[in-house]
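Here is the structure we will look at.
The values are calculated or read from the model by the stated rules, or taken from the named source; none is laboratory data. In this text, all values refer to a predicted model and were calculated from it rather than measured experimentally. Note that we place each Cβ from the backbone using ideal geometry, even for glycine, and neighbour counts take in every protein chain shown. Please note that ligands, DNA and RNA were not included when accessible areas were found on the heavy atoms of the full protein model with its side chains. Shrake-Rupley method; radii C 1.70, N 1.55, O 1.52, S 1.80 Å.
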Amino acid sequence: MWDHEVKDYITKIELLPYNSFKILSFVDVGTLNNTSYVFRMESYPYGVYYLKFYLSDGSIYTRTVTKN
């Protein structure tokens, strides 16, 4: 969940596995009507994944998440 002020700065979020460049899922934040999004990971194996946040100023932030 993010603040309404931040929503205008996040343009896209991608979910990628730790050892691959294959994008498993993504969301275009501009099309959302709310301030949160849940990636459905039930079908993905346990392990480490990256969330890549693309911002409107062109910068990219990566965060690591673990499914266990």
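Residues of the range 14-33 being open to solvent by less than 100 Å² (accessible area, probe 1.4 Å) and more than 15 Å from the chain's Cα centre (by Cα), which ones?
Applying the first criterion (open to solvent by less than 100 Å² (accessible area, probe 1.4 Å)) to the range 14-33 yields 14-17, 20, 23-25, 27-32.
Within the range 14-33, Ser20 is the sole residue that qualifies.
Restricting the first member to the range 12-25 and to residues that are in contact (Cβ under 8 Å) with a residue 24 or more places away in the chain and farther than 16 Å from Tyr61 by Cα, and the second to residues that are of a type outside the set (D, E, K, R) and surrounded by 11 or more Cβ atoms within 10 Å (Cβ to Cβ), the beta-carbon pairs closer than 9 Å and six or more apart or on different chains are Leu24/Leu15; Leu24/Leu16; Leu24/Pro17; Leu24/Phe39; Leu24/Met41; Leu24/Tyr44; Leu24/Tyr49. Residue check: Thr11 meets all listed conditions (1) outside any loop (DSSP other than H, G, I, E, B); (2) surrounded by 12 or more Cβ atoms within 10 Å (Cβ to Cβ); (3) at pLDDT 90 or above but one, namely (3). For the range 34-58, a residue qualifies if it is more than 19 Å from Thr11 (Cβ to Cβ) and open to solvent by 50 Å² or more (accessible area, probe 1.4 Å), and the qualifying residues are Arg40, Glu42, Ser43, Pro45, Tyr46, Val48. Considering the range 59-68, the residues that are open to solvent by 70 Å² or more (accessible area, probe 1.4 Å) and in a strand (DSSP E or B) include one that is farthest from Asp8 (Cα to Cα), namely Thr66.
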